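Structure first, commentary second.
The values are calculated or read from the model by the stated rules, or taken from the named source; none is laboratory data. Predicted, not measured: the structure shown is a model, and the values here were computed from it. Counting neighbours? That spans all protein chains shown, and the Cβs are built from the backbone with ideal geometry, glycine included.
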Protein chains: 2
Amino acid sequence: MHRWIDGQPATAVNLQNRGLAYGDGLFETVAVRAGRPSLLEHHLQRLASGCQRLAIDADLPLIRDELLRFASQLGEGVAKLIVTRGDSQRGYAPVAGAAPRRILQGSPLPAYPAANGENGISLFACQTRLAEQPLLAGLKHLNRLEQVLARAEWQDAEHAEGLVRDTQGRLIEGVYSNLFLVREGVLLTADLSRCGVAGVMRAALLEQAPALGITVQVRDLALTDLEQADEVFVCNSVYGIWPVRACPAHTLNWPPGPLTRKLQAVARTLLDN
Amino acid sequence: MHRWIDGQPATAVNLQNRGLAYGDGLFETVAVRAGRPSLLEHHLQRLASGCQRLAIDADLPLIRDELLRFASQLGEGVAKLIVTRGDSQRGYAPVAGAAPRRILQGSPLPAYPAANGENGISLFACQTRLAEQPLLAGLKHLNRLEQVLARAEWQDAEHAEGLVRDTQGRLIEGVYSNLFLVREGVLLTADLSRCGVAGVMRAALLEQAPALGITVQVRDLALTDLEQADEVFVCNSVYGIWPVRACPAHTLNWPPGPLTRKLQAVARTLLDN
């Protein structure tokens, strides 16, 4: 197993790490193929934005170098990067001058069924609702109990993802993916200014859409938007895009549609480059 | 320094610990005096409740034994207990059979100025608002970025605590304490069913109040309640009770009042037993 802390092989982190104490940090889950991190710039950009919002003074050029070096050694798999505010004594107050810690862990690419991408997946309807916290919305921070609770709601293999809504009932995302709908040729995805994780694959797809002639709306989404959707898909930076073929709890079904297939190819290219 | 993992001396935790990955766990901050944990039953009760709500299958009798043993070795100080869901591979799904980890860390009793308890403290008015998440409300879980952000708002030594409100503007708590108001002899504290940490000192005071002939109201509190309060104090399980003498941002001042003084003595007794 490949595991580094601050660029050195390590398997354990100091008990005083604020990541453990308070979830005081951020992470990125980076697909690695042929020794290279996929969507590297998007990951680094989100990390930079997260560090800025949480006032974590991470050395981003150093993180880039380490990630490249780590990916090169890993070859193929998933590189999980955690950046925490560093170590400190007890107490919430960030300590001036504490050195942020960089943690890298490698794992194999997950063995998802090929059918997920080919035929689409079934979406579980989670009861766990996301709280509205604009200060943390969009960030891939280490405070992930909501996702743990949502993911614990189903154990069957039938559902490959769970649909997560916010406390007002708006559709937000999957437990470990972002959600897109297609309605009359327009691509819809949730506004993530109150809660949710702004995924890098989501960001990359939103960037690509105009050049592909696809109109995008980033806005609040209600259950009626799901009911009226022509196509539904989820995406993340590891598997790319999976069509959603059903949400049984709401007795909804969709065929994998043309826009989903088109973007699936785009996502594949993004991950391979 | 006293540091244990699962009952054994250790200074570092496995990188795969879910406490680090997701803040997937709980903690207790236990004052230790004369080799004994203060408010032991209250801490264990809150921990048990938290484990039940998060479905963490911790061995509570073992935790009690370890905490007693740890406190006996520490003598005097603060024992911070962290219980996480254990280690797992990447992925939010709790792994069946993962052994929850028990982490204990000792530190000296904080050297707070005696004036905090004698003359009262000044309360900073935090801009950071707590999100409403009933699934996590009341728990002392490891997802504490809101507290980190709130505590980072002031650096001066003038304010010993920060007043934290929720996204609707209700008064909830201090950054590391619970808040009580006194109005016409009635003790008021915030309802914590949407957010906030249900502190063990708060619980102990609420239990004692009836026998002391004190009427208690646990309800939503607005800024007007603070403005109309005759007395204000904060409490936690390490320092007991500090009167609040001022909240400069709202140009409010209070003299340390008789009910505060009475409960301060009660808190002292609770911590010493």
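Side notes on the structure shown:
- Considering the range A:1-21, and only residues there that are not hydrophobic (A, V, I, L, M, F, W, C) and not in a strand (DSSP E or B), the residue that is farthest from the other protein chains (Cβ to nearest Cβ) turns out to be A:GLY7.
- Residue check, A:ILE172 assigned to a strand (DSSP E or B), under 30 Å from A:GLY35 (Cα atoms) and not assigned by TED's automatic domain parsing to the domain that holds A:ALA34: no
- Tally, over the range B:128-161, of residues that are of a type in the set (S, T, N, Q) and either more than 18 Å from the chain's Cα centre (by Cα) or assigned to a strand (DSSP E or B) (or both): 2
- Within the option set A:GLN155, A:GLN89, being free of Cβ contacts under 8 Å to residues at least 40 places away in the same chain and within 13 Å of chain B (Cβ to nearest Cβ) holds for one residue only, A:GLN155.
- Residue within the range A:71-89 that is part of a helix (DSSP H, G or I), surrounded by 15 or more Cβ atoms within 10 Å (Cβ to Cβ) and in contact with a Gly (Cβ under 9 Å, 6 or more places away or on another chain) present: yes
- For A:LEU142: the one exception among (1) aliphatic (A, V, I, L, M); (2) farther than 27 Å from A:LEU74 by Cα; (3) facing chain B (nearest Cβ under 8 Å): (2)
- Scanning the range A:165-177 for residues that are closer than 13 Å to A:GLN127 by Cβ and within 11 Å of chain B (Cβ to nearest Cβ), we see that the one that is farthest from the chain's Cα centre (by Cα) is A:THR167.
- In the range B:53-70, of all residues being crowded, with 21+ Cβ neighbours inside 10 Å and more than 14 Å from chain A (Cβ to nearest Cβ), the one that is farthest from the chain's Cα centre (by Cα) corresponds to B:ALA58.
- The one condition from (1) among the small types (Gly, Ala, Ser); (2) in contact with a helix residue (DSSP H, G or I) (Cβ under 7 Å, 6 or more places away or on another chain); (3) part of a loop (DSSP other than H, G, I, E, B) that A:ALA125 does not meet is (3).
- Among the residues of the range B:210-237, those that are crowded, with 17+ Cβ neighbours inside 10 Å and in a loop (DSSP other than H, G, I, E, B) comprise B:ILE214, B:ALA229, B:SER237.
- Among the residues of the range B:238-254, those identified as in contact (Cβ under 8 Å) with a residue 12 or more places away in the chain and in a loop (DSSP other than H, G, I, E, B) are B:VAL238, B:TYR239, B:TRP254.
- The numbered conditions (1) touching a residue at least 60 places away in the same chain (Cβ under 8 Å); (2) in contact with a helix residue (DSSP H, G or I) (Cβ under 8 Å, 6 or more places away or on another chain); (3) within 26 Å of B:GLY86 (Cβ to Cβ) are all true for B:GLN147 except (1).
- Search result, residues across the range B:175-208 that are assigned to a loop (DSSP other than H, G, I, E, B) and either farther than 17 Å from B:GLY138 by Cβ or of a type in the set (A, V, I, L, M, F, W, C) (or both): B:VAL175, B:GLU184, B:GLY185, B:LEU192, B:CYS195, B:ALA198
- As for the range B:22-34, it holds no residue that is assigned to a helix (DSSP H, G or I) and more than 13 Å from chain A (Cβ to nearest Cβ).
- Residue count for the range B:92-139 under the criterion of being of a type in the set (A, V, I, L, M), within 28 Å of B:THR167 (Cβ to Cβ) and at the interface with another protein chain (Cβ under 9 Å from one of its Cβ atoms): the result is 5.
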